[in-house]
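Notes for the one structure printed next.
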Amino acid sequence: MAESHYQKAKISVWWDIENCQVPTGCDPHTIAQNISAALVKMNYCGPVSTISAYGDTTRIPASVQQALNSTGIALNHVPAGVKDASDKKILVDMLFWAVDNSAPANYLLISGDRDFSNALHQLRMRRYNILLAQPQNASAPLLAAAKSVWLWTSLLAGGPPLSSNGDSPQYVHNASSYLPNSDALRIPVSDPIQINQQTNFFHESPHLGTQKSSNIGRGADSKRKGKQPQRNTSQPNISRSSSVPIGVQEDQNNANTQRRPYPGVWGTPGCSQPSENVQGLIGVVLLALNTLKTEKIMPTEANIADCIHYGDPKHRKTNVKKALKGAVEQQLVVKQNLGSLQMYVGKNENLWKTVKPSGGNPSNYPNATWDEIQNFLKSSAGRSAIMASQCRYEAATIMKKMCLKELALGNVLQILHLVINAKKWITQHPSGWQPVNINVPESSPDWWD
């Protein structure tokens, strides 16, 4: 059941319709209401600010599209042929939503794709509650991030989530009692993307695809900011008063609603909507800023660049200057000066506590830590990985991943500085990082005594 501070918190629903399709035999008019009913049963009674579905709408029957639109589900068209386009657009919109919707708040992701796992874990660390609806097979990291997990077929019918041990007799063994086990709409799923998804700063982003519907009911958020165009949309009022799943939605009241394209500063006076490429770059910057905050690292341009370039191989060639410029122009990131250092932080964020990479001394860390580092550098895997690293930041990420998992990366960078300058276990080229040499003695003096 929902924890007390999440019971009346906002809920956003993000539906990967390519990964969790509408089964034939399912009345699409009932989906929004049944999702609402399933949430109410778990005592999630807060307003739903959006149910957004993403996929190639040309492959979805017109009758299904019309039914989803008429019940307040926002369909976002993602053209076929662009690898992982749906995943990327869902990620950007999910991450941006958090900027205007601070924790505690609830995310319900309808997908089984592992590419969302890092983002969900980071959102959970920032006090967002994560709910998940999955197809039969979902990745373990994705499941681990969620407080409650439904099978997609159960959520469609307003049914219960799986039990905490993953075995829910009332549901798992009787899934056919909720929906017919029939073939789903055949929408091909692209190969997973690898994105280092970490967030907390994010502004609601515009739906990057074609927006076809309005905010749903259940007390849809009326306090959103920004001037937005008006659109007349046919949409039912979805009541929170009942948690009983519906089979056929009999009454659909038309309501004229004011819809703003998802967000924020896009399109406000003096701030035109950027291209999708720039929107994606801004998303990468915001991801990096949250990573640096979590890892206790100063958000300088150099550190942001290292975080982006070495956090994910896909971003190795990202133009960080262009990305930062776009983020500042769109007012999602602001510059702050700390002495002679220029920092970048998310809108409404303050500079966070950081670890000085060139500070500290060996006595700040226990003997066990130094023993672990020494053994790591002596190992063939550790030695090879460090010697192949391209910079100090990448070397620190390697040490954190393979050796110092429990420490923030800021602490690992400080330790690496001590390894180089105090321990002398690693030597680097005077003009840069490479070539790197490792020289770990069989026994080392107790620097901390």
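The values are calculated or read from the model by the stated rules, or taken from the named source; none is laboratory data. The model shown is predicted, which means the values in this text are computed figures rather than measured ones. Positions of Cβ are generated from backbone atoms using ideal geometry, with glycine treated the same way; all protein chains shown enter the neighbour counts.
Go through (1) within 14 Å of LEU108 (Cα to Cα); (2) surrounded by 23 or more Cβ atoms within 10 Å (Cβ to Cβ) for LEU68 and report which single condition fails.
Here LEU68 clears every test but (1).
If I go through the range 38-97 residue by residue, how many of them are under 20 Å from ILE130 (Cα atoms) and among the acidic types (Asp, Glu)?
So the answer is 2.
Do we find that GLN330 is surrounded by 19 or more Cβ atoms within 10 Å (Cβ to Cβ), polar (S, T, N, Q) and in contact (Cβ under 8 Å) with a residue 40 or more places away in the chain in this structure?
Yes.
Filter the range 22-75 for residues that are assigned to a loop (DSSP other than H, G, I, E, B) and more than 23 Å from ASN101 (Cα to Cα) and give the result.
VAL22, THR24, GLY25, CYS26, ASP27, ASP56, ILE60, PRO61, THR71
Does any residue of the range 388-399 turn out to be part of a helix (DSSP H, G or I), touching a Cys at 6+ places or on another chain (Cβ under 9 Å) and hydrophobic (A, V, I, L, M, F, W, C)?
no
Can you name the residue in the range 380-398 that is of a type in the set (S, T, N, Q) and surrounded by fewer than 14 Cβ atoms within 10 Å (Cβ to Cβ) and, of all such residues, is farthest from GLU295 (Cα to Cα)? Show your work before the answer.
The first filter runs over the range 380-398 and keeps only residues of a type in the set (S, T, N, Q), leaving 380, 384, 389-390, 397.
With the extra rule that they be surrounded by fewer than 14 Cβ atoms within 10 Å (Cβ to Cβ), the set shrinks to 380, 384.
Working: SER380: 27, SER384: 25 Å.
Restricting to residues being of a type in the set (S, T, N, Q) and surrounded by fewer than 14 Cβ atoms within 10 Å (Cβ to Cβ), the top hit is SER380.
In this structure, is VAL48 hydrophobic (A, V, I, L, M, F, W, C) and within 30 Å of ASN348 (Cα to Cα)?
When the stated conditions are applied, VAL48 passes them.
Going residue by residue through the range 93-107, is there one that turns out to be at negative phi, part of a helix (DSSP H, G or I), touching a helix residue (DSSP H, G or I) at 6+ places or on another chain (Cβ under 8 Å) and modelled with pLDDT of 90 or more?
Within the range 93-107 (the criterion being at negative phi, part of a helix (DSSP H, G or I), touching a helix residue (DSSP H, G or I) at 6+ places or on another chain (Cβ under 8 Å) and modelled with pLDDT of 90 or more), the answer is no, since none of the residues qualifies.
Does the range 430-440 contain at least one residue that is in contact with a His (Cβ under 7 Å, 6 or more places away or on another chain) and either part of a helix (DSSP H, G or I) or over 18 Å from PRO313 (Cβ atoms) (or both)? Break it down into steps so the answer makes sense when it comes.
Here is the first cut: in the range 430-440, the ones in contact with a His (Cβ under 7 Å, 6 or more places away or on another chain) are 435.
Among the residues that remain, those that are also either part of a helix (DSSP H, G or I) or over 18 Å from PRO313 (Cβ atoms) (or both) are: 435.
Yes: the range 430-440 contains one or more residues that are in contact with a His (Cβ under 7 Å, 6 or more places away or on another chain) and either part of a helix (DSSP H, G or I) or over 18 Å from PRO313 (Cβ atoms) (or both).
For the range 124-139, what are the residues that are at pLDDT below 85, touching a strand residue (DSSP E or B) at 6+ places or on another chain (Cβ under 8 Å) and hydrophobic (A, V, I, L, M, F, W, C)?
The one that is at pLDDT below 85, touching a strand residue (DSSP E or B) at 6+ places or on another chain (Cβ under 8 Å) and hydrophobic (A, V, I, L, M, F, W, C): ALA138.
Quick one: which of ALA302, ALA288 is more than 30 Å from THR71 (Cβ to Cβ), of a type in the set (A, V, I, L, M, F, W, C), in a helix (DSSP H, G or I) and modelled with pLDDT of 90 or more?
ALA302
Is there a residue in the range 365-379 that is surrounded by 13 or more Cβ atoms within 10 Å (Cβ to Cβ), outside any helix (DSSP H, G or I) and at positive phi?
Among the residues of the range 365-379, not one is surrounded by 13 or more Cβ atoms within 10 Å (Cβ to Cβ), outside any helix (DSSP H, G or I) and at positive phi, which makes the answer no.
List every residue pair whose Cβ atoms sit under 9 Å apart, with the two residues 6 or more apart in sequence or on different chains, where the first one lies in the range 359-383 and is assigned by the TED database to the domain that holds GLN434 and over 18 Å from LYS405 (Cβ atoms) and the second, anywhere, is outside any helix (DSSP H, G or I) and of a type in the set (A, V, I, L, M).
Partner pairs satisfying both residue conditions: LYS378/ILE438; LYS378/VAL440; ARG383/ILE438; ARG383/VAL440.
Output the qualifying pairs, or none if there are none: Cβ atoms under 7 angstrom, residues six or more apart or on different chains, first residue in the range 388-412 and assigned by the TED database to the domain that holds GLY432, second residue among the acidic types (Asp, Glu) and surrounded by fewer than 21 Cβ atoms within 10 Å (Cβ to Cβ).
Short answer, once both residue conditions are applied: CYS403/GLU372.
Can you tell me which residues in the range 337-364 are surrounded by 14 or more Cβ atoms within 10 Å (Cβ to Cβ) and of a type in the set (S, T, N, Q)?
If the condition is that a residue be surrounded by 14 or more Cβ atoms within 10 Å (Cβ to Cβ) and of a type in the set (S, T, N, Q), then THR354 is the only one that fits.
Before we move on, is LYS317 free of Cβ contacts under 8 Å to residues at least 40 places away in the same chain and among the charged types (D, E, K, R)?
yes
Please pick out the residue among ASN69, ASN19, ASN43 that is at positive phi and touching a residue at least 12 places away in the same chain (Cβ under 8 Å).
It is ASN43.
I'm checking my understanding of the structure. Among residues of the range 61-92 that are of a type in the set (Val, Ile, Thr), out of contact with any strand residue (DSSP E or B) (no Cβ under 8 Å at 6 or more places or on another chain) and at pLDDT 90 or above, which one is nearest to CYS26 (Cα to Cα)? Break it down into steps so the answer makes sense when it comes.
First, the residues of the range 61-92 that are of a type in the set (Val, Ile, Thr): 64, 71, 73, 78, 82, 90, 92.
Narrowing the set further to residues that are out of contact with any strand residue (DSSP E or B) (no Cβ under 8 Å at 6 or more places or on another chain) leaves 64, 71, 82, 92.
Add one more test, that the residue is at pLDDT 90 or above, and what stays is 64, 71.
Values: VAL64: 10, THR71: 14 Å.
By that ranking, first place goes to VAL64.
GLY112 - would you say it is surrounded by 23 or more Cβ atoms within 10 Å (Cβ to Cβ) and assigned to a loop (DSSP other than H, G, I, E, B)?
Judged against the criteria, GLY112 is not a match.
Within the range 141-156, how many residues turn out to be outside any helix (DSSP H, G or I), in contact (Cβ under 8 Å) with a residue 40 or more places away in the chain and more than 15 Å from TYR128 (Cα to Cα)?
1
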